[in-house]
Amino acid sequence: MTDANDRLQPPERLVRTLSARQGPAGDAARDWLATLPARARHYLERWELTPLRVQRPGGRSSMVVLVRQSDDTPAALKLGLLDEETAQEHAALTQWNGWGAARLLRADPEGGALLLERLHGDVSLRSLADPKAMLEAAATLQRLWVNPE
């Protein structure tokens, strides 16, 4: 039987990508990886979330844990390594407010934690012919292109 700590281990893709970084950025990434299960437990408790599973194969700079909120609503807890690319992700999601992107439910920007609505796409872009997939992706990008307030 797997315990809660095993269920909160970072996916291999994330470990491989961050472990390959060199220099001070690599040291910081490896330190962050080492604390990731404890960070996940912290936000699960703080935001009263029940973990279901870590999303695999995973990303390259964050870990997503599929969760249920205290009211049993599905959500996704995203724990990201803070850098120039991710530091303002919460602000963008707040601006879009679910329009073409997942709705932000909670955030701790300093901790790199985001609680997102769980999306269930009807059709995967991978299942579409390339021209149709490109049109769908372009339409989504157009919806996301808004003036910051």
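The values are calculated or read from the model by the stated rules, or taken from the named source; none is laboratory data. A quick note: this is a predicted structure, and the numbers were derived from the prediction, not measured. Cβ sites come from the backbone with ideal geometry, for glycine too, and all protein chains shown count toward neighbours. For the accessible areas, the whole protein counts, side chains as well, though only heavy atoms, and no ligand, DNA or RNA atoms are used. Shrake-Rupley method; radii C 1.70, N 1.55, O 1.52, S 1.80 Å.
Annotations for the structure displayed:
- Looking at the chain, the accessible area is 66 square angstrom per residue; that uses a 1.4 Å probe and ignores ligands, DNA and RNA.
- Over the residues of the chain, the helix contribution to mean residue ellipticity at 222 nm works out to -12000 deg cm²/dmol, using -39500 (n - 2.57) for each DSSP H run of at least 4.
- FRET efficiency for the Ala28 to Ala133 pair, using the beta carbon distance and R₀ = 41 Å, is estimated at 0.70.
- Fully extending the segment from Trp145 to Leu52, taken as 0.36 nm per residue of separation minus the present Cα-Cα distance, adds 30.2 nm.
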